[in-house]
Amino acid sequence: MYTAKAKLAGIIGKPISHSLSPLMQMTIAKELGIDFVYSAFHIEESLEKAIKGAYALGISGLNITIPFKQEVISHLLELSDEAKVIGAVNTLVKIRGGYKGYNTDVYGIKMALEKADINIKQKDIVLLGAGGAAKAVLYVCAKEGVKSISLISRDLEKAEGTCASVKAVFPDINFNFIKLSELEDKKSINKYLPKNNYIAFQASPVGMHPNVDKAIIECRDFYDKCEAGMDLVYNPAKTKFMQYFIDDNKKVINGLDMLIYQGVRAFELWNGIEVGEEIVLKLRQLLMLDK
Ligand code: NAP
C-alpha cells in the first residue's frame, strides 16, 4: 500500500508492457516498508514533453529504456561521469530544475561479476555485440583495467563507433575489431582472438527467448579458450552460449543479476537508502524466469 505522500517513480519506453521493473521496484519498496509508487509509461510521441511533465508532477525518479536511452540526454540538466562516457542513460534523478542522468547498468554488470567471483582486471576481454548494452560492458572493463578488448560485431564501422568514447577516455587499453563472420573455425579463432583465458561477454539478443537454440558463436574452439563468461540475456536463465561453459565446468552467468543490481542502484539513488542482499535474494527468486 502507498499513501498520497508516496515518492513517485516510473519507467519510460516504447514498448514497455514487458518490463519487469515495476514488479522489481515495488517489491523492494514493500520489503523496506517505503511509501513509493512505480509505474510504466509508454511514450508514443514527445519524450521532451514526457520529461517536463514528469518534473511538473514531482516524479522523483525515472528509468529509461529502449529506444530512449540516448535521446533522453538532450533533455537533462546533468550527467554522471559514466553516463557522459557511455552516452546512454537508464536512470534519472530529480534535481532542482530538472533531472540528472545515470547509467546504472554499469553498477549492474560490476556487481554481477563480483557476486560470481569473475575477475576481469588485467584480463583479455572478448565482447560479442556492439549495441547499447555493449557500451556499458566496455566502460566496466575499461574502468576495471582490463588488458585488451576484442569487439566482435557484424558491422565493424558500428563497433568502432561504439568504442570511440571509451577509447578516448582509456587510451591505454588495446582494442581489436573483428567481424563476426570471420570467426568460423579453429584457425580463424586462433588467428584473431587472444591466445587463451579470455573472458567473453555476450551482448547481443541471440539466444533470447523464444530463439533459445541459438548461440552467437557455435564453434566450440571459441569456448575452449575462454576462462569465464557472461551472457547479458536472462531469459532463458541458461542460454545456449552459457551451456558451452557449463559443459566445460567453467564459470558463467546470465544477465539476471545485472538487471537486478541496475534496478537496486536506481532505487538507492531515488530513496537515499541501501538495499541489502536479502532483498536481492528475494528479487532473484521472484524474477528467475524459467524456474
Ligand atoms: P542493441 O543496442 O540493439 O544491440 C544489439 C547488438 O547485437 C548489436 O551490435 C547487433 O548488431 C547485435 N546483433 C543483433 N542480432 C544479431 C545476430 N543475429 N547476430 C549477431 N549479432 C547480432 O541491443 P542492446 O540494448 O545492446 O541489448 C543487447 C542484449 O543485451 C539484449 O537483447 C538483452 O538481452 C541484453 N540486455 C540485458 C540487460 C540486463 O540487464 N541483463 C540490459 C540490457 C540489455 P547489428 O548492429 O549488426 O545489428
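The values are calculated or read from the model by the stated rules, or taken from the named source; none is laboratory data. A quick note: this is a predicted structure, and the numbers were derived from the prediction, not measured. All Cβ positions, even for glycine, are placed from backbone atoms using ideal geometry, and neighbour counts span all protein chains on display. Areas reflect the complete protein model, heavy atoms only, side chains present, ligands, DNA and RNA absent. Shrake-Rupley method; radii C 1.70, N 1.55, O 1.52, S 1.80 Å.
Summary of computed values
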{"quantity": "Boolean, residue 125 is part of a loop (DSSP other than H, G, I, E, B), within 22 Å of residue 244 (Cα to Cα) and open to solvent by less than 20 Å² (accessible area, probe 1.4 Å)", "calculated": "no"}
{"quantity": "Residue in the range 237-248 that is open to solvent by less than 20 Å² (accessible area, probe 1.4 Å), within 12 Å of the ligand (Cβ to nearest atom) and in contact with a Leu (Cβ under 7 Å, 6 or more places away or on another chain) present", "calculated": "no"}
{"quantity": "Among the candidates 109, 86, 125, residue that is more than 13 Å from the ligand (Cβ to nearest atom) and hydrophobic (A, V, I, L, M, F, W, C)", "calculated": "125"}
{"quantity": "Residue tally, condition open to solvent by 30 Å² or more (accessible area, probe 1.4 Å) and within 14 Å of the ligand (Cβ to nearest atom), over the range 132-165", "calculated": "10"}
{"quantity": "Subset of the range 107-122 (residues that are at negative phi and in a loop (DSSP other than H, G, I, E, B))", "calculated": "116, 118, 119, 120, 121"}
{"quantity": "Lone unmet requirement of (1) surrounded by 22 or more Cβ atoms within 10 Å (Cβ to Cβ); (2) over 18 Å from residue 202 (Cβ atoms); (3) of a type outside the set (Lys, Arg) for residue 269", "calculated": "(1)"}
{"quantity": "Only one of 276, 255, 263 that is in contact with a strand residue (DSSP E or B) (Cβ under 9 Å, 6 or more places away or on another chain) and over 21 Å from residue 39 (Cα atoms)", "calculated": "255"}
{"quantity": "Verdict on residue 248 being over 30 Å from residue 94 (Cβ atoms), over 22 Å from the mean Cα position of the chain (by Cα) and modelled with pLDDT of 95 or more", "calculated": "yes"}
{"quantity": "Residue tally, condition over 19 Å from residue 175 (Cβ atoms), surrounded by fewer than 23 Cβ atoms within 10 Å (Cβ to Cβ) and not aliphatic (A, V, I, L, M), over the range 108-122", "calculated": "5"}
{"quantity": "Matching strands (runs of 3 or more DSSP E) fully within the range 1-65 where at least 2 residues are open to solvent by 60 Å² or more (accessible area, probe 1.4 Å) and not aliphatic (A, V, I, L, M)", "calculated": "36-42"}
{"quantity": "Unique residue being under 19 Å from residue 269 (Cβ atoms) and more than 16 Å from the ligand (Cβ to nearest atom) when the list is 1, 26", "calculated": "26"}
{"quantity": "Members of the range 279-288 found to be touching a residue at least 12 places away in the same chain (Cβ under 8 Å) and not aliphatic (A, V, I, L, M), listed by number", "calculated": "282, 284"}
{"quantity": "Lone qualifier among 65, 91, 27 - being closer than 25 Å to residue 286 by Cα, in contact with a Ser or Thr (Cβ under 6 Å, 6 or more places away or on another chain) and touching a residue at least 40 places away in the same chain (Cβ under 8 Å)", "calculated": "91"}
{"quantity": "Top-ranked residue of the range 87-107 - restricted to ones that are under 15 Å from residue 66 (Cα atoms) and of a type in the set (Val, Ile, Thr), ranked as surrounded by the fewest Cβ atoms within 10 Å (Cβ to Cβ)", "calculated": "104"}
